[in-house]
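Below is one structure, written out as structure tokens, with a few remarks after it.
The values are calculated or read from the model by the stated rules, or taken from the named source; none is laboratory data. As the structure is a prediction and not an experimental result, all values here were calculated from the model. FYI the Cβ positions are ideal-geometry reconstructions off the backbone, even for glycines, and counts take in every protein chain you see. All accessible areas refer to the heavy atoms of the entire protein, side chains included, with ligands and DNA or RNA removed. Shrake-Rupley method; radii C 1.70, N 1.55, O 1.52, S 1.80 Å.
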Amino acid sequence: MGRGPLALTRPMPVTVRPATEADLPSLTRLDLTYPTDRILSLARSGESPEHAFALRWRNRVPAPMAVYATYTMDGLREALEQTNLFAVAEVDGEVAGLLMIIVPAWTDAAEITDLAVDIAFRRMGAGRALVESAAEWASKCGHRSLWVEPRADNHAAISFYVSLGFRVSGFNDRLYSNADHEEGRTTVYMHLDLR
């Protein structure tokens, strides 16, 4: 069966399990591109310290494709050793995506540092299965929430997290240099309460 979205005529089973060394070559080949047709931008009004802020979607034309991440064997091997949770999703027996979590020592909230699903497997439930599995894991560990920082130009990721019950809990438009994006990029913080 082909891997393209048109090749699927029925829902495929999704399995989530811990990542292993044997998964790493497949994970380096994931196509992690996404369209950047909309960007979440920050608008300010008022005078300091009484600013009002609004996050607004702006359409981008043209809408270039961006790459979420590029995974290497060494980087994945290091993640396998250092993350608190490293899970993979399989769709019909084929590795479709990954999720990584760290729990910083200064908090009882678990951070999703990476959630990536191959473009050919999107909208099949792999991302949802990974996040639901992570929420179950974090809850069993006694963590109060999951949090994530999706890219402001990844409309699909932000909408996906909202659909799972995450809510925007903050932003920072000065965290990164913004030199990689002519319009700058707001860091969006989202969280899911587990208690």
Relative to the longest principal axis of the C-alpha atoms of the chain, give the angle of the C-alpha long axis of helix 73-82, reported between 0 and 90° and rounded to the nearest 10°. 80 degrees
Can you tell which of 71, 34, 161 shows the greatest fluctuation in a Gaussian network model of the chain with Cα springs below 10 Å? 71
In cubic angstrom, how much convex hull volume per residue do the alpha carbon atoms of the chain span? 148 Å³
Could you compute the net charge surrounding residue 116? Neighbours are other residues with a C-beta less than 11 Å from the C-beta of residue 116; K and R count +1, D and E count -1. -2
Helix 126-140 sits off the longest principal axis of the Cα atoms of the chain, rounded to the nearest 10 on a 0 to 90 degree scale, by 80 degrees
Using the charge dipole of the chain (Lys, Arg: +1 at Cβ; Asp, Glu: -1 at Cβ; taken about the Cα centre), state which of 32, 161, 141 has its Cα farthest towards the positive end. 161
Whole-number accessible area per residue in Å² for region 1-133, which is evaluated in the context of all protein chains at 1.4 Å: 56 Å²
May I ask you to evaluate 6.51 cos²θ - 1.76 cosθ + 1.60, the Karplus curve with θ = phi - 60°, for each residue of region 119-125 and list the ³J(HN,Hα) values in order in whole Hz, giving x for glycine and proline? 4, 6, 10, 6, 6, 10, x
Of region 25-50, those with amide N under 14 Å from the point 7 Å along the Cα→Cβ vector of residue 123 are 35
Region 18-130 - Debye-derived log10 I(q)/I(0), Cα point model, q = 0.16, 0.22 Å⁻¹: -0.86, -1.16
Using a Gaussian network model of the chain whose springs link C-alpha atoms within less than 10 Å, name the residue from 35, 150, 49 with the highest mean-square fluctuation. 49
Give me the percent relative contact order of the chain, please, defined on Cα pairs under 8 angstrom at least 6 residues apart. 21 percent
The percentage of the accessible area of the chain (probe 1.4 Å, all protein chains present) made up of carbon and sulfur atoms, to the nearest whole number, is 52 percent
Between residue 136 and residue 65, what's the calculated FRET efficiency when r is the beta-carbon distance and R0 is 45 Å? Round to 0.05. 0.85
For the chain, with a Gaussian network of springs between Cα atoms less than 10 Å apart, report the residue from 171, 86, 53 with the top mean-square fluctuation. 53
